[in-house]
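The values are calculated or read from the model by the stated rules, or taken from the named source; none is laboratory data. Nothing here was measured: the structure is a model prediction, and the numbers come from that model. As a convention, Cβ positions derive from the backbone with ideal geometry for all residues, glycine included, and neighbour counts pool all protein chains shown. Surface areas here come from the heavy atoms of the whole protein model, side chains and all, with no ligands, DNA or RNA. Shrake-Rupley method; radii C 1.70, N 1.55, O 1.52, S 1.80 Å.
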Amino acid sequence: MNIWEIIIITVIKIGAILTIMLLTVSYLVYFERRISAWIQSRLGPNRVGWEGILQPFADVFKLLLKEDISPVAANKFIHGLAPFIAVFVAFSTYAVIPIGPDVTIFGYSIQLVVADVNIGVLYVLALTSLGVYGLTFAGWSSGSKYSLLGGIRSSAQMISYEVSMGFSVGGVLLMAGSLSPIAIVEAQYGWMWNAIVQPIGFITFTVAAFAETNRLPFDLPEAEPELVGGYHTEYSSMKFAGFFLAEYANMIIAAGMIVTLYLGGWQVPYIDKLGLGEIVTALMQVGSFFVKMGAILFFFIWVRWSIPRFRYDQLMNLGWKVMFPLSLINIVWVAALIMIFNL
Amino acid sequence: MGVKKRQKDLTTLDKLYLPEIFKGLALTFKSMFKPKVTMEYPEVKFEPPASYRGRPVLVQEENGVERCVACGLCSRVCPALAIEVRANETELEKERYPETFEINMIRCIFCGFCEEVCPEEAIVMSKDYELVFTNREDAVYGKDKLLVPVHKLKDRLEFLRNFK
Amino acid sequence: MPKITIDGKQFDFNHGQTIIETAKENGIEIPHFCWHPKLSISGNCRICLVEVEKMPKLVIACSTLAADGMVVNTQSDKTIAARNAVMEFILINHPLDCPICDEAGECKLQDYAFKHGTGESRFVEEKQHKDKRVELGPRIMFDAERCISCSRCIRFSDEIAGRNQLTFIRRGDRVTITTFPGEEFDNPYTMNTIDICPVGALTSKDFRFKSRVWEMSSTNSVCTGCARGCNTEIWVRDNKIQRLTPRINETVNGHWMCDDGRLNTFKHVNNEETRIDGPHIRVDGQLTKVTWNEAVKEAVKRLKSFNNTEIAFIGSAFATVEDNYAFQKFSKANFNATNLDFARHVVPGSGDDILICEDKTPNSLGAVLTGIQPVADGMNLAEIINGIKSKKIKALYIMEDDIAQLDSEYETLLAKLDLLIVHASNKNKTTTLADILLPVSTYAEKHGTIVNVDGMIQRMRPAVATEELERSLDQMPMSRWDKFGTKFDRWARGKKYDAKPSWKILGLLSQELPNKLKYKMAEDVFEDVSQHVKEFSGLDYDLIGEMGVKIKSDKITAKV
Ligand code: SF4
Ligand code: SF4
Ligand code: SF4
Ligand code: SF4
Ligand code: FES
């Protein structure tokens, strides 16, 4: 493959992933609304298109047509910049998450990931930490007390939970012996899924993922009853849509990361033993990735409509006094496993 | 003030919250498959029970005359000052009748006091909850919109006889 | 002094007083229907029954004379039982439909049923049915079913109006009121029976069913129908006067007022056809609406173009003391006016010795006292008219009077003037000739005082809002509607005219002239009056109050 082919293939992959992301985000919102409705014995949006499937597009049009307001007291530049940071970070993170094994199409062997970065996991952790700047900037620049409180909460929460998240990932890295997502996936061959091998790590990572994505029960930065809308109180129109998009994109990334790190990524246990053709196998594997991710996303939504919000002190307690020790225990556990079974 | 003692101290298991969380999740999961209570308005309309207090209307007898004698009691009792009655003399036996009778639906709070105070059972709360206007003037309902034939109000009148 | 004990308290009384009078004087209310302080005692309703110690039976308080050492109990069980019984008895045939009755809200029977009734009736038979719409007279409608046969109306027309026109006929529960054969109930005071009728049996044809009493605001005022100046209340709804009722003032009108004053002194205030809304100037032969500023400038410019001796000023006995004072001050100070007078409207033989005066203006004494008279050898009204004929007078300034109406010849005369400035509230013959027409507030739209035939100076208050008077800001009486209305409510959108009191208009004009009138309120004018007119010295609005003050003057001619 020459350099042009690589560039073209990468551009195609970027395009494909972006499209998938945007569509998934839209439909995630749609499903969130419908599932929440079902949980509450309602019907949810079912008017636009069959069963309301065109609702996301209607929403986008609506947001496009809304007036873009920025408060007098706002720092206009940063106020405008913040949603871009949030969106940019959310979308670039996705580059390193593999959705399937290498496949050969038209004679090209293609990795089903935009960039196989060998420090992929670090990249994700780094970018998600950057993402919080978007929220903090938004909160600070709006010139509103609610936004400011939301922004501060968001950064404090991010710092608290990043620690346990990082330590949980530590266990996975120990098992895989690599920072590359692809290597991590491949290390979970068969039933050696990290969720099974190190359940504590799985739980702490999942909880931390909830916190990082500002989802209920950890949505304190935008807690409506107390902060109106938190950091995005003063946003409207497409700038607001930016945050909205970023939040749901973050959910997808979190789900992708959980699948990659703990649920064997695209792997279907022992599928290679069935002797199917390469294309079929690859398709099934890609499919399995999406199924797993869908399940996690459903779980995200399901939790949101079942569990009430934490109080701020409870959130901090949980982060530092429970999650952090647990993730440390997980590392010791994994290390012990490795020592005993000499994995 | 003394510190209130908890009714029950939590056990370690309780403190984990996990069992409760799973119970909660199970509950919401189950309710996803329960029948829905939403009505798909406007195709399906809510048919309120007789006790429902929709917009107040004037009872029109079979002969086309309103029952109201323009005594102004509803107007006086209305806490929102929604009702304005202008009386005049009529040749009919009831002597006085409302020359104009207006209810400002923007002011009305559907309390039903007018119905309760009316000595003639002439103003009753209907089942009509569809009140839409695009300007303040349209929200003032005159006799043309307020008069409803008595047979359409049977439900409510019966309800009033039984429970008022 | 003899003493009587009522409900455990001792009171002094004068010989000849009845129990009810003594009780009333001392703030104890004994219910009564047929008794009226100004009428003879008939003692037929029996609601005033009270227990008197050592008397075998209850006695009626309205006709039993108080006696020394008498012990009366108005709240004993026996009294209350009797009262309930009387209420039940009266209500046997009285229709129970207050919602329809026009008296509701100011009805004695309704009030007493509320205070003294048991709330239930044992009468299950059919009530007596009688005529519900009987025209007793041109202004009165009678509902025979509602009548409780108290005879107040009969006694009133007999004793107060001096015309024996009404009587009872039939007996028992079929008793009813009627006029004598060939008679109509048409004396000049009939409508007072509406006020004294304790129920809704007598109603005014004019006001019948127009408005509930609680929907109106009421303002204390004075009738402008004649020089008597009966005290009145003005009842207003939707910024329109609905009716006038007399207000008790023993030194002026007692409890009463005449039908003419009641019916014919307020209609013009409401009359949208004839009210003048905003100042007008004659342009190309047509009266055209202009702004105040333009009208004032034009008036001053044109007045200045004449010699002072060519101008005559006519004040008005319809205008207030304040207006007349400001008028003479304005004209004398700025135009050295000598030709100054006002027109008298006396209809000889139209008065009676009850209330009605021959002088049909409410303030002629006030006009005289404030100096609306020719100065030195200036012209009086007749001379002014002659002056117009002989072209000596070229400009005429008329305040609030229809001079053209006085004589058939005046109309053509006024048309000959070079300049005619008129202050008026309604269109009339004079206003059609005016070159400059300045709209004035009626008596119901301003503060002011007038002096009646006996020298009683009395206050008038605004009851109707104009463009310069806002009901709540200017502390005018407000009904519940007025209090809570917003500009979006129909009832709050009653017509408001662009008019000002004359003293204010004169103040505006004087701003363009050397000697300015610096009044901000009617009270300022009156302060000026009290400092310069000896008859009014020491008086102010608070002293005059609701009941008026009698002034001393040699110009009071007992009967006008
Ligand atoms: S329902 Fe209540 S608020 Fe509405 S008109 Fe009747 S009394 Fe007034
Ligand atoms: S209370 Fe009844 S009778 Fe009286 S005005 Fe209102 S609707 Fe008419
Ligand atoms: S009409 Fe009125 S005042 Fe006259 S007798 Fe009857 S109740 Fe009395
Ligand atoms: S007597 Fe004169 S002042 Fe009294 S009400 Fe009649 S017109 Fe008016
Ligand atoms: S008031 Fe005494 S009997 Fe009527």
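Compute the acute angle (0 to 90°) between the alpha-carbon long axis of helix A:324-341 and the principal axis of greatest extent of the alpha-carbon atoms of chain A; round to the nearest 10°.
With rounding to tens, the tilt is 0 degrees.
Could you work out how far helix C:77-93 tilts from the main Cα principal axis of chain C, as a 0 to 90 degree angle to the nearest 10?
Roughly 70 degrees, rounded to the nearest 10.
So which residues in the range B:25-45 end up with at least 30 square angstrom less accessible surface once the other protein chains are there, compared with the chain by itself, probe 1.4 angstrom?
Relative to the lone chain, where solvent access is computed with a 1.4 Å probe, the range B:25-45 loses at least 30 Å² at B:25, B:28, B:29, B:31, B:32, B:36, B:38, B:40.
Take the residue pairs C:240/C:500; C:301/C:555; C:127/C:240; C:332/C:416; B:152/C:495 and return only those whose Cα atoms are more than 28 Å apart.
Values: C:240/C:500 17 Å; C:301/C:555 37 Å; C:127/C:240 39 Å; C:332/C:416 24 Å; B:152/C:495 39 Å.
Beyond 28 Å between Cα atoms: C:301/C:555; C:127/C:240; B:152/C:495.
Which residues make up the longest stretch of chain B that has no GluC sites (Glu not before Pro) in a DSSP loop with at most 15 other Cβ atoms within 10 Å? Walk me through the numbers before you get to the answer.
Details: sites that count: B:40, B:43, B:61, B:62, B:91, B:93, B:130.
Here the longest segment lacking exposed loop sites spans B:1-39.
Per the 1.4 Å probe, what fraction of the accessible area of the range C:400-453, in percent, lies on carbon and sulfur atoms?
Details: 740 of 1570 Å².
Answer for the range C:400-453 is 48 percent, counting heavy atoms of protein chains only.
At a Förster distance of 25 Å, what's the computed FRET efficiency of residue C:88 paired with residue C:3, Cβ-Cβ distance as r, to 0.05?
0.10
If you take the beta carbon distance between residue A:4 and residue B:134 as r and set R0 to 45 Å, what does 1/(1 + (r/R0)^6) give as a FRET efficiency, to the nearest 0.05? Write out the running numbers ahead of the final one.
Details: r = 62 Å, r/R0 = 1.37.
Plugging the Cβ-Cβ distance into 1/(1 + (r/R0)^6) gives 0.15.
Cα atoms only, the range C:3-91: Rg and Dmax in Å?
Expressed in Å, the Cα Rg and Dmax of the range C:3-91 come to 12.2, 36.
Just the number, please: buried accessible area between C and B, total of both chains, 1.4 angstrom probe, nearest 100 square angstrom.
Details: alone 25270 and 12240 Å², together 35060 Å².
For chain C against chain B, roughly 2400 Å² becomes buried.
For the range C:442-560, what is the convex hull volume of its Cα atoms per residue in Å³? Don't skip to the answer; put the middle values down first.
Numbers: hull volume 17.4 nm³, N = 119.
Dividing the Cα hull volume of the range C:442-560 by its residues yields 146 Å³.
Rounded to two decimals, what is Rg over Rh for the range A:200-331 when you use alpha-carbon atoms and the Kirkwood radius? Don't skip to the end; give the middle numbers.
Working: Rg = 18.1 Å, Rh = 16.8 Å.
Radius of gyration over Kirkwood radius for the range A:200-331 works out to 1.08.
In whole Å, how far is the Cα centre of the range C:408-460 from that of the range C:166-190?
Spelled out, the Cα-based centre of one part sits 43 Å from the other.
Could I have the simple spin-label model distance between residue A:337 and residue B:61, label points 7 Å from Cα toward Cβ, reported in nm to one decimal?
8.9
With the alpha-carbon atoms as the only input, what is the per residue convex hull volume for the range A:112-222 in Å³? Mind dumping the intermediate values first?
On the way: hull volume 11.7 nm³, N = 111.
Considering the Cα atoms of the range A:112-222, their hull volume per residue is 105 Å³.
How many nm separate the modelled label positions at residue C:129 and residue A:27, each set 7 Å beyond the Cα in the direction of the Cβ?
If labels sit at residue C:129 and residue A:27, their model points lie 8.0 nm apart.
Ignoring ligands, DNA and RNA, how do C:516, B:164 rank by accessible area with a 1.4 Å probe, largest first?
On the way: C:516 90, B:164 125 Å².
Highest to lowest solvent-accessible surface, that is B:164, C:516.
Over the alpha-carbon set of chain A, work out the extent along each principal axis and list the three values in angstrom, largest first.
Rounded to whole Å, the extents work out to 62, 48, 46 Å.
Ignoring everything except DSSP H segments at least 4 long, calculate the 222 nm mean residue ellipticity for the protein assembly as shown; use -39,500 (n - 2.57) per segment, divide by total residues, nearest 500. Please report the intermediate quantities before stating the final value.
Working: 36 runs with 403 residues, N = 1067.
Helix-only estimate at 222 nm: -11500 deg cm²/dmol.
Please compute how much accessible surface disappears when A pairs with B, both sides summed, using a 1.4 Å probe, and round it to the nearest 100 Å².
Values: alone 16300 and 12240 Å², together 27220 Å².
In total, this chain pair buries about 1300 Å².
As an exercise, identify the GluC sites (Glu not before Pro) in the range C:477-552 lying in DSSP coil whose Cβ has no more than 11 other Cβ atoms within 10 Å.
Working: sites: C:512, C:523, C:527, C:535, C:546; in loops: C:512, C:546.
Filter output for the range C:477-552: C:546.
May I ask you to compute the full-extension gain from residue A:47 to residue A:118, defined as 0.36 nm times their residue separation minus their alpha-carbon distance, rounded to one decimal in nm?
Separation in residues times 0.36 nm, less the Cα-Cα distance, equals 20.9 nm.
Ratio of Rg to Rh for the protein assembly as shown, alpha carbon only, Kirkwood? Intermediate results must be reported in sequence, preceding the final value.
Details: Rg = 45.9 Å, Rh = 38.4 Å.
Radius of gyration relative to Kirkwood radius: 1.20.
Which residues of the range A:288-307 show a drop of at least 50 Å² in accessible area when all protein chains are present, compared with their chain alone (probe radius 1.4 Å, heavy atoms only, ligands and nucleic acids excluded)?
A:302
Return the Cα extents of the range C:280-550 along principal axes one, two and three, sorted largest first, each rounded to a whole Å.
58, 46, 39
Could you give me the ³J(HN,Hα) list for the range B:10-27, computed from phi with Karplus coefficients 6.51, -1.76, 1.60 and θ = phi - 60°, whole Hz, x at Gly and Pro?
Result, rounded to whole Hz: 7, 7, 4, 5, 4, 5, 5, 6, 4, x, 5, 4, 5, 4, x, 4, 4, 4.
Multiplying the sequence separation of residue C:293 and residue C:336 by 0.36 nm and subtracting their Cα-Cα distance, what value in nm do you get? Could you put the intermediate results ahead of the total?
Details: separation 43, 0.36 × 43 = 15.48 nm, distance 2.41 nm.
Separation in residues times 0.36 nm, less the Cα-Cα distance, equals 13.1 nm.
Tell me the GluC sites (Glu not before Pro) within the range C:349-409 that lie in a loop according to DSSP and have at most 16 other beta-carbon atoms within 10 Å. Walk me through the numbers on the way to the answer.
Working: sites: C:358, C:383, C:400, C:409; in loops: C:358, C:400, C:409.
Those that pass, being in a loop and sparsely packed, are C:409.
If you take the square roots of the eigenvalues of the alpha-carbon gyration tensor of the range B:56-163 and sort them as a ≥ b ≥ c, do you get rounded (a/c under 1.5), prolate (a/b over b/c) or oblate? Present the calculation step by step, with values, prior to reporting the outcome.
Working: a/c = 1.43, a/b = 1.15, b/c = 1.25.
Here the range B:56-163 falls in the rounded category.
In chain A, with Lys and Arg counted as +1 and Asp and Glu as -1 at Cβ, which of these residues, A:329, A:120, A:61, has the Cα nearest the positive end of the dipole, that is, farthest along it?
Comparing the listed Cα positions along the dipole, A:61 ranks first.
For the range B:1-74, state which chymotrypsin sites (Phe, Trp or Tyr not before Pro) are in a DSSP loop and have at most 16 other beta carbons lying within 10 Å of their beta carbon.
Values: sites: B:17, B:22, B:29, B:33, B:46, B:52; in loops: B:17, B:33, B:46, B:52.
For chymotrypsin sites (Phe, Trp or Tyr not before Pro) across the range B:1-74 that sit outside H, G, I, E and B with at most 16 neighbouring Cβ atoms in 10 Å, the list reads B:17, B:33, B:46.
Anything over 31 Å Cα to Cα? Flag those among A:62/A:145; C:78/C:205; C:267/C:520, in the order listed.
Working: A:62/A:145 28 Å; C:78/C:205 42 Å; C:267/C:520 29 Å.
Checking Cα-Cα distances, C:78/C:205 exceed 31 Å.
How many angstrom lie between the Cα centre of the range A:243-305 and the Cα centre of the range C:42-115?
If we compute the Cα centre of each part, the gap is 93 Å.
Antiparallel versus total DSSP beta bridges in the protein assembly as shown: what percent is that, nearest 5?
On the way: 62 of 85 bridges.
Given both bridge residues lie in the protein assembly as shown, the antiparallel proportion sits at roughly 75 percent.
If you look at just the Cα atoms of chain C, how large are its Rg and its Dmax in Å?
Both quantities, over Cα of chain C: 27.5, 89 Å.
Average partner chain C-beta neighbours within 10 Å, per residue of B:81-92? Don't skip to the answer; put the middle values down first.
Working: counts 8, 1, 0, 6, 3, 7, 7, 3, 8, 1, 1, 0.
The per-residue average across the peptide is 4.
Taking every pair of alpha-carbon atoms in the range B:96-145, give the share separated by more than 15 Å as a whole percent. Show your work: numbers first, answer last.
Details: 645 of 1225 pairs.
More than 15 Å apart: 53 percent of the Cα pairs in the range B:96-145.
How much accessible area per residue does the protein assembly as shown have, in Å², with a 1.4 Å probe? Walk me through the numbers before you get to the answer.
On the way: 50040 Å² over 1067 residues.
With all protein chains present, the protein assembly as shown gives 47 Å² per residue.
Work out the length of the dipole vector of chain C about its Cα centre, built from +1 on the beta-carbon of each Lys and Arg and -1 on the beta-carbon of each Asp and Glu, and round it to the nearest 20 debye.
Details: 74 positive and 79 negative charges, 124 e Å.
The dipole magnitude comes to about 600 debye.
Which whole-angstrom value gives the distance between the alpha carbon centres of the range A:1-21 and the range A:157-222?
28
Please find the FRET efficiency linking residue C:301 to residue C:547, where r is the Cβ-Cβ separation and R0 is fixed at 45 Å, and quote it to the nearest 0.05.
E between residue C:301 and residue C:547, to the nearest 0.05, is 0.50.
For the pair residue C:38 and residue A:238, how long in nm is the line joining their label points, each one 7 Å along Cα→Cβ?
Here the answer is 8.3 nm between the modelled labels.
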